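Each remark here refers to the structure printed beneath this line.
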Amino acid sequence: MRRSLELNKFSSDPNKREKHEEYQYINLVQDILNEGVLEFGRNGYAKTVVGSAMHFTLSEGIIPFMTTKQFSWKTCAKELFWFISGSTDNKVLQDQNVKIWNGNASREYLDDIGFYTREENDLGPVYGHQWRHFNAPYGTCKDDYSGKGEDQLDFIISCLKNPHSRNSRRLILSAWNPCQLSEMALPPCHILVQFNVTNGDQLSCSMYQRSGDVGLGVPYNIASYSILTHLIAHHCGLKATDFYYHLGNCHIYDDHIEALTEQISRYPLSFPTIKFNSLKENIEDYSLADIEIINYTSHGIVKMEMRK
């Protein structure tokens, strides 16, 4: 069995852990380098394995930002707030100097996939649309979708705020909508999220990701859904405890191999903690100004190019 799939047991006390949780990511990288099959896919060659899982402790405000390389957590948080807002307009991100989606929002890329009449930076009904307006007929990223479709995130928050419904096993957030995949600039990679409350007020999150770019995407996904879990717990008067991360296709692009080999030679440092400075009326009212990250230190930058 690959090491990244082995059962890892960690103490809830960060000072008494048997093993740093970042080693789960390091092990996955090493597994792919050692055992991965070189496959040619939509955007080039990648060493690939199928199936992996990780567990990160969120108790006491712990936030699993990777430390074996410098991590741009503010960029990650800005993208998350963009999802929460329901926006699918890349210009909103560009105005905040976030470039994650530029490759999939350019005029050249949209023309290449047949969206000749769609305006540049309009990504179609991607994450934000599905989270807040699931399956609402899509026009453009500038349209007002208020009251249209299913607001999955609002439903989850309403249930979590109610002591009689917060332990439901139906608190699901889906970004995968087969009815609208053909309208998206890029089908979602992280596609299914489930929130669970146990012991009255302990909130955990489980996420399934169909496709994981292990070099660049996976550290962002770990951080993003951990921030989201902390945010929802804060907003609903709960305690964030765990993030469970399930991956389908795990791959390392061929031009990321050298950089990742360097990264996994480094020792992990202590994870930081997260704190929220205010309690807002609505989940979409939060912004970067409401987050404080405490004691984040890391090794230096590891440069890798993002694939479209």
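Which of the following residues is modelled with pLDDT of 95 or more, under 27 Å from Gly36 (Cα atoms) and part of a strand (DSSP E or B): His251, His299? Sole residue among the options that is modelled with pLDDT of 95 or more, under 27 Å from Gly36 (Cα atoms) and part of a strand (DSSP E or B): His251. Among the residues of segment 163-185, those that are buried (at least 17 other Cβ atoms within 10 Å of the Cβ), under 23 Å from Asn43 (Cβ atoms) and of a type in the set (A, V, I, L, M, F, W, C) comprise Ala175, Met184, Ala185. Can you say whether Thr297 is under 30 Å from Cys236 (Cα atoms), touching a residue at least 12 places away in the same chain (Cβ under 8 Å) and surrounded by 16 or more Cβ atoms within 10 Å (Cβ to Cβ), as far as the supplied structure shows? No, not satisfied.
Counting only helices (runs of 4 or more DSSP H) that sit wholly inside segment 15-128, those with at least 1 residues that are touching an Asp or Glu at 6+ places or on another chain (Cβ under 6 Å) and in contact (Cβ under 8 Å) with a residue 12 or more places away in the chain are 73-85, 107-112.
Among what's in segment 110-165 and is among the β-branched types (Val, Ile, Thr) and farther than 25 Å from Lys280 by Cα, pick the residue that is farthest from the chain's Cα centre (by Cα). Checking each candidate, the answer is Thr117. Selection of segment 1-36 for residues being at pLDDT below 50 and either surrounded by 16 or more Cβ atoms within 10 Å (Cβ to Cβ) or polar (S, T, N, Q) (or both) yields Asn8, Phe10, Ser11, Ser12, Pro14, Asn15. Sub-9 Å Cβ pairs linking a first residue in segment 230-241 that is at pLDDT 95 or above to a second residue that is surrounded by 21 or more Cβ atoms within 10 Å (Cβ to Cβ) and of a type in the set (S, T, N, Q), at least 6 apart or interchain, are Ala233/Thr241; Ala240/Ser226; Ala240/Thr229; Thr241/Thr229, ordered by first then second residue. Answer yes or no as to whether Thr241 is of a type in the set (S, T, N, Q), surrounded by 22 or more Cβ atoms within 10 Å (Cβ to Cβ) and touching a helix residue (DSSP H, G or I) at 6+ places or on another chain (Cβ under 8 Å). Answer is yes for this residue. The single condition among (1) aromatic (Phe, Trp, Tyr); (2) surrounded by 20 or more Cβ atoms within 10 Å (Cβ to Cβ); (3) in contact (Cβ under 8 Å) with a residue 60 or more places away in the chain; (4) assigned to a loop (DSSP other than H, G, I, E, B) that Tyr138 does not meet is (3).
The values are calculated or read from the model by the stated rules, or taken from the named source; none is laboratory data. Remember, predicted model here, so these are calculated numbers, not experimental data. Heads up, the Cβs are rebuilt from the backbone with ideal geometry, glycines too, and the neighbour counts pull from every protein chain shown.
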